[in-house]
2 protein chains.
Amino acid sequence: MSRFRVSVHIVPRQGILDPQGKAVADALHTLGFRGVADARIGRHVVLDVSAVSPEAAGAAVREMCDRLLANPVTEDYEIAGVETLP
Amino acid sequence: MSRFRVSVHIVPRQGILDPQGKAVADALHTLGFRGVADARIGRHVVLDVSAVSPEAAGAAVREMCDRLLANPVTEDYEIAGVETLP
């Protein structure tokens, strides 16, 4: 078994209202950042897991997302990276 | 001016207690995912901004992080990617 650091992005599904992103975009406009057209806020989850291979680590994290980390109704997730730990 | 999609990771600074990550790690253990040694939860922010170049877009987003998005006492941020929008 090796140790891997797996990063996951969990983001509001396209078309779903993102009130936190809307609030951030409005606050940025108020601060003078006029060039911001849209902001979306998701979660960046970093998990240190033991697994036999990077593929197994990724598969385990996908199962964690399905069972706990992501809300399947409102959120999408993607594995952003799998890094081998020393 | 072109449009760019800039992704930022905002994560709890190393050494700072991350209660949300601790709760997620404990919940994953309860669900039977024994291989999880550590979980850290940050934010994944995606901003659509207008700028003259990708570098200018990244610089603008760094300023937004300094002024609004990240808490400089407890959080670190990094620009994860800058993508040109059509």
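Read-outs throughout are calculated quantities, based only on the coordinates presented, and are distinct from any laboratory measurement. Since we're looking at a predicted model, the values are computed, not measured. Cβ coordinates were reconstructed from backbone atoms using ideal geometry, including for glycine residues, and neighbour counts include every protein chain displayed.
What to note about this one:
- Of all beta-carbon atoms in chain B, the one sitting closest to the axis that brings chain B onto chain A gives B:HIS44, 2, with the distance in whole angstrom.
- In chain B, the longest principal axis of the Cα atoms and the axis of helix B:54-64 are about 60 degrees apart.
- Summing Cβ point charges (Lys, Arg +1; Asp, Glu -1) relative to the Cα centre of chain A gives a dipole of roughly 160 debye.
- Each other copy holds its own label point for A:ASP26; taking that point as 7 Å from Cα along Cα to Cβ, the gaps run 3.5 nm, nearest first.
- Label-point separation in nm, B:THR74 to B:SER50, each point 7 Å along Cα→Cβ: 3.6
- Exposure proxy for B:VAL45, A:VAL52: other Cβ atoms within 10 Å of each Cβ, ordered fewest to most, give A:VAL52, B:VAL45.
- Label 7 Å beyond Cα on the Cβ vector: B:ASP66 copy-to-copy distances, nm: 4.5
- Between B:ARG13 and B:GLU75, B:ASP76, the built amide H atoms are under 5 Å apart, and every one of these is 5 or more places off in sequence or on another chain.
- Descending principal axes extents, chain B, alpha-carbon based, whole Å: 51, 29, 14
- Over chain A: helical MRE at 222 nm, DSSP H runs n ≥ 4 each giving -39500 (n - 2.57), nearest 500: -8000 deg cm²/dmol
- Only one residue of B:SER2, B:LEU68, B:GLY15 has its Cα farthest out toward the positive end of the dipole of the range B:2-84, where Lys and Arg carry +1 and Asp and Glu -1 on Cβ, and that residue is B:GLY15.
- In degrees, nearest ten, helix A:19-30 long axis to first principal axis of chain A (Cα): 50
- Applying the criteria of a DSSP loop state and at most 15 other Cβ atoms within 10 Å to the trypsin sites (Lys or Arg not before Pro) of chain B yields B:ARG13, B:ARG34.
- Shape call, the protein assembly as shown: gyration tensor on alpha carbons, a/c limit 1.5: prolate
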